[in-house]
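The values are calculated or read from the model by the stated rules, or taken from the named source; none is laboratory data. Worth saying up front: this structure is predicted, and the values here are computed from it rather than measured. Don't worry about glycine lacking a Cβ; one is built from the backbone with ideal geometry, like all the others, and counts go over all protein chains shown. We work out accessible area using only protein heavy atoms, side chains counted, and drop any ligands, DNA or RNA first. Shrake-Rupley method; radii C 1.70, N 1.55, O 1.52, S 1.80 Å.
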Amino acid sequence: MSTLLCTLMSASLLGAAAVDPEPATRLDRIEVIGQRTRPLPAPLGQVDGADATRRAGADAAVLIGTLPGVALRGNGGASAHPVLRGLGGDRVRIRIDDMDLVAACPNHMNPPLSYLDPAALHGATVYAGLAPVSAGGDAIAGVIAARTAPPRFAEAGSSLLEGRIGAGYRDNGDAWRSDASLLLADDTLSARLEAARARSDNYRAGGDFRTSTATGRVGHTVPLDEVGSSAYDTRNAALTLAARGEDWLSELGFGYQDVPFQGYPNQRMDMTGNTQRRLRFAHAHELAGGSLRLSAFSEEVEHAMDFGPDRRYWYGSLSGSGQPCAPIRFMGDPAGTCAAGMPMRSEADTRGATLSWERSLASGSLLRVGGEWSRQQLEDYWLPSGGGMGPGVFRNILDGERTRGALYGEWESQPAQAWSQSLGLRLERVVSDAGTVSGYSSAPNAMGGQAAEAAAFNARDRRRSDLHVDLSALLRYAPGGAHSLEFGYARRTRSPNLYERYPWSSWAMAAAMNNLLGDGNGYVGNLDLEPETAQTLAATWRWARPDGRAQFSVSPWWTRVDDYIDAEPFGSFQPGRFNVLRYANVDAELYGIDAEGRLDLGETAIGRLALDGNASFSRGRRRDGSDRLYEQMPPRLRLG
């Protein structure tokens, strides 16, 4: 049995009679203010998280990976990275309930979607390339706007008590998950409590792919068909409180995640602990002819990495007593000249706020203006462990700070019966800085030239300030009937993140601990990086039968990126081997086409049948013709 799933949903106990939420409550009016039936631009796709509890996995990103133009770069078992039309990592802006979260790890082990359990995902909207400026900035690939379930209320004079539990199991890796939620509400107040846990041992491949069962750890082996360091254990909890009046809605949310362990087959380290605490507040107010929305959040992350149980832990040939370095210990103190693991720590504090106002104008057009602010503070340091990794603490990034402030405006109108348009402008300022650093040792002869490189880094001005000017211009032609056409242009900008600018050591061991791409190489930051600027042209042709039983769309696109952040060799380079690379700006070009369709086959003897599918093709290359870009998926087709 490959998968066993069990779900008990909507067990309701009511003080009065059981009732569904009002079909047209005050909450609903607040949600739909300023929203068109088909917003412009239309998103790349949308996913519904209603079936998330029927999955035995722990990664919410898997649901998004089914859309055309979206690929997933494998990471840990609960933290895949979405790639939108060939652009991934921090080039994708990920927002969860308006919280603009970012990863806080030199290996990007804790991307934003890893903090959202699949059972908590109510839905997500994905924009690629032509994202509206109001959806978010500081990203050139697009925006993923994920959302949890909105507050629910009872009818006037009634109360609502509802619970749900779910569970899932997958035999490959002995993976299981469970989740539960409890809702208590009346007509003005609502409280929802959610909890989930998912864990898995290492999963098996389709056959033997290893040549040896050895792991380098004395007495510990991994079978030839088992993917080492692929186990995980995640625990999530959230509490949401809400209140509403005639024309307003307020929410207060608390979230907590604890990950005791998550293995990473594509990195040199494993996550040995990750704790996130988050607080969110949102308020929506209905005004005459428009609406006002305010949101704010605070997030604290404590992240730890080290060599997990499937990796060699003790390094060196002899201990101080002259005995081999043989102790099999997951965590421990250094012994003699042996290097006891590689303990690494990251601590991040991220805060942000958004304010937006929408108003319907007399001409039937819509005006949307807003502002955003966020700040990430980061400490990234590695504890001593002996064997050259000591006696002091290695400061990879000290007092790192990245602050963003943005103002934007959008105007949507319908100049003619068949035509609609949207214009947007976004101005954003990104300021980053970092403090002075130090290696494990300040001795002139310290391994890897730590002292000299730290001194050179500290002598430079590390503050950087970038100004972004983002534009969007979109047009839709829908003459009626089955056909419609959308096309547009967008200019988007992204500044380097803290891990692209500030890691300073080219010592191979230290550089290998900084790897945002999971490709096995070591990376060195670059203070002189320029922001990436992407210009995108895209079009979408849609056809649909009037009864909705058949539909098809095709979307060609082209993106030109100036100052794309790639990498270049730092020092000697050996083809076919792992090397030390340094982030560098190059010019790049990406292009491709996405298609999607659905056909309703109607009722049959075995039930209602439908055929759907999507296909994607993309290519990315440096404009100097020297190389293709990383993270480019081959052509792919999905049918269901």
Mean accessible area per residue over the range 471-604 (1.4 angstrom probe, all protein chains present, square angstrom) is 42
From DSSP H assignment alone, runs of 4+ in the chain each adding -39500 (n - 2.57), the sum over residues rounded to the nearest 500 puts [θ] at 222 nm at -1000 deg cm²/dmol
Relative contact order as a percentage, the chain, C-alpha pairs under 8 Å and 6+ apart, gives 10
Carbon and sulfur atoms account, in whole percent of the 1.4 Å probe accessible area of the chain, for 57
Length gained, Leu184-Arg210, 0.36 nm per residue minus C-alpha separation, equals 4.1 nm
Here FRET efficiency (C-beta to C-beta, Asp547 to Val469, R₀ 41 Å, nearest 0.05) is 0.35
In nm, the gap between the two label points placed 7 Å beyond Cα toward Cβ at Ala605 and Ser413 is 6.0
Scan of the chain for chymotrypsin sites (Phe, Trp or Tyr not before Pro) in DSSP loops with at most 12 other beta-carbon atoms within 10 Å gives a longest site-free stretch of 210-572
Log entry: pair-distance distribution for the range 104-209, C-alpha pairs binned every 5 Å from zero, whole % per bin is 2, 9, 13, 13, 16, 14, 14, 12, 5, 2, 1, 0, 0
For the range 238-302, dividing by residue count, accessible area per residue (probe 1.4 Å) in Å² works out to 38
Distance in nm between Ala455 and Asp349 label points, each 7 Å along Cα→Cβ, equals 3.3
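Rounded if a/c is under 1.5, else prolate if a/b beats b/c, else oblate: with a ≥ b ≥ c from the C-alpha gyration tensor eigenvalues square-rooted, which is the range 455-512?
Taking the square roots of the gyration eigenvalues as a ≥ b ≥ c, the range 455-512 is oblate.
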